[in-house]
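Please read the structure below before turning to the comments.
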Amino acid sequence: MHRLARSGGTPELLRWLSGRADGWAGLVGVDGTVLHAATGPAAGTRTAGPGAPDVAALVAEGVAARAERRARAYSLDTGAHTTLLFPLPVDEGPADPLLAVVTPRPVAAGLATLLADVVLPLALCRRSETVERKRRRVDLAESRGREAVLHLLMTGQLSIAHQVAGALLPRLPDPVRVCVVECSGDRREEVARVCRDADGGRSWIVRCPVYARHLILVTPADAEPDDGPTDEAVAALVGDCVVGVSERVDLADTATGYRQAFHALAVARELPSRHARFGARPEPALVVGPAGRQWADALLTPLLTHVPRRAQDPGSQELAATATSWLAFSTHARDHLKIHRNTLAARLALIGELLGLDLQRLSDQAALDLALRVRAVPAPACAAGPDPAGAAHDLDEILRRPAVREWADRSLAPLAGAGGGAADTTASGAAPSGAAPSGAADTTLRAWLACEARLGPTATALGISVPGVRKRLTRLETVLKRSLLRPPSARYDLWLAFRARDLGAAGASGVNAAARGLTS
């Protein structure tokens, strides 16, 4: 009896009791509701099927008779069966459950004594299982609370995030580094404990709502454990996990830090050390200047000023958060936002209608992504007034600007030596300004972007297999130090960089042609 209580708990004890009683055993509430039930194997045919007793009716009749007589234990003989009821003291007050047994008559010798002896082990099992259920609910509530705080940080709602985080520990650090830990199988809980031990409990650890194998850590940027950085410590302690780490960012830029850590994770998968830090490059949102901010504001105004027709319809803030999540996570945004896929599709259709964009096209996705990122960057003082160069009316005008062209050259420079191409390089290994990369890397990326970042059409365009395209893109993730195949992906930045380079090359060709015309 005690061995069953330790190993199997309430279900095993009830199953054992039903076998000893050659009938039915269960726990019922004071109103007769069956909470747990078990039927002995030998009595299965007698308590189920044609001619079997109505156990629920017998138990309900016994519970009603016991309540009427205000008895503690009770026995009710009804025809060919006897119902035995014993109270189970589990400190639930008047609502304490009852141990109920329905057994054929005559009652086996010693069965009543056995039931009186098993009441205490059953009560202990019931208490233990109740505590365990409450613990799981508390763990779930804490996990959902941390997920909510992360979502608030990702959407820039810093003050509300601090308020919600006030009930949890530790306090939100600022500035931070964001780590993404990829675990194998179902080891996420174990790896979370390792992470807590590795950094002394200083980090915010959140189970990723999008990727079931990922943990997200928001760690203090200035605090490193005594045994080394958290990513190195976790990779050393857990032999099959991979860790990507962002650069130092402000807490308000947690979304940027997450994208950086995700890109670093793609690189870390190919490294023997299984951990990598983000290779810093300027964000396109930081180089577009005041004209870029004016362009972003003009593009997003219909979305940000949208007033829903009905109270239950999403407002401008909710639509902007949906667009940001979808651009980052693609169809996984429904898991991130906890909405149905049809709701996501309807919101995206409304966003496209408001902005006049076709969100099935990569070019329009890249424009919206850049506009949202520009708006998320705090406006510098120089952006308050008009741009001396004049306001930009479309994205191409932004991409033609020298600062953006320089950003594009730096972003595409790693491709110069990739794929066996014959691109000209400088002594440092970087492509000179204005030099286009060549070879398989350039061809693969341009075909992939032209095919809306879809593997099947890209394979057809290149004349190779889908696994071949996937292998090329995986190698290019290591070259670019960016994630390409899984969102958040660098496809938007790559589209912008190639577009800026192509516009610059076309402009240079036009200037040279005009110069030749003047000298002829």
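The values are calculated or read from the model by the stated rules, or taken from the named source; none is laboratory data. This is a predicted model, so every value here is computed, not measured. Neighbour counts run over all protein chains shown; Cβ positions are idealised from the backbone, glycine included.
Assorted remarks:
- Selection count, segment 461-490, where residues are of a type in the set (S, T, N, Q) and assigned to a helix (DSSP H, G or I): 2
- Filtered by the rule that a residue be of a type in the set (Ser, Thr, Tyr) and modelled with pLDDT of 90 or more, segment 100-123 gives a lone residue, THR103.
- Condition met for PRO457 (modelled with pLDDT of 95 or more and more than 25 Å from the chain's Cα centre (by Cα)): yes
- Residues that are part of a loop (DSSP other than H, G, I, E, B) and surrounded by 11 or more Cβ atoms within 10 Å (Cβ to Cβ) do not occur anywhere in segment 124-146.
This table checks each residue for (1) touching a residue at least 40 places away in the same chain (Cβ under 8 Å); (2) under 24 Å from VAL149 (Cα atoms); (3) in contact with a helix residue (DSSP H, G or I) (Cβ under 6 Å, 6 or more places away or on another chain); (4) in a helix (DSSP H, G or I).
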residue	(1), (2), (3), (4)
VAL218	yes, yes, no, no
ASP222	yes, yes, no, no
VAL234	yes, yes, yes, yes
GLY239	no, no, no, no
VAL243	yes, yes, yes, no
ALA255	yes, yes, yes, yes
TYR258	yes, yes, no, yes
HIS263	yes, yes, no, yes
PRO272	no, no, no, no
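- Identity of the residue in segment 174-207, part of a loop (DSSP other than H, G, I, E, B) and modelled with pLDDT of 90 or more, that ends up surrounded by the most Cβ atoms within 10 Å (Cβ to Cβ): CYS183
- Apart from one condition, SER330 fits all of (1) surrounded by 13 or more Cβ atoms within 10 Å (Cβ to Cβ); (2) among the small types (Gly, Ala, Ser); (3) more than 24 Å from CYS451 (Cα to Cα); the exception is (3).
- Residue in segment 312-321 that is in contact with a Ser or Thr (Cβ under 9 Å, 6 or more places away or on another chain) and within 21 Å of PHE262 (Cα to Cα) present: yes
- Here ALA37 fulfils each of the conditions (1) in a strand (DSSP E or B); (2) at pLDDT 90 or above apart from (2).
- Once segment 274-297 is narrowed to residues that are outside any loop (DSSP other than H, G, I, E, B) and either free of Cβ contacts under 8 Å to residues at least 24 places away in the same chain or among the charged types (D, E, K, R) (or both), the residue that is nearest to SER483 (Cα to Cα) is ARG277.
- In segment 97-114, of all residues being in a strand (DSSP E or B) and not small (Gly, Ala, Ser), the one that is farthest from the chain's Cα centre (by Cα) corresponds to PRO104.
Residues are listed down the side, and each one gets a yes or a no for (1) farther than 22 Å from ALA376 by Cα; (2) free of Cβ contacts under 8 Å to residues at least 24 places away in the same chain:
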{"residue": "ARG144", "(1), (2)": "yes, yes"}
{"residue": "ALA148", "(1), (2)": "no, yes"}
{"residue": "THR155", "(1), (2)": "no, no"}
{"residue": "HIS162", "(1), (2)": "no, yes"}
{"residue": "LEU172", "(1), (2)": "no, no"}
{"residue": "CYS179", "(1), (2)": "no, no"}
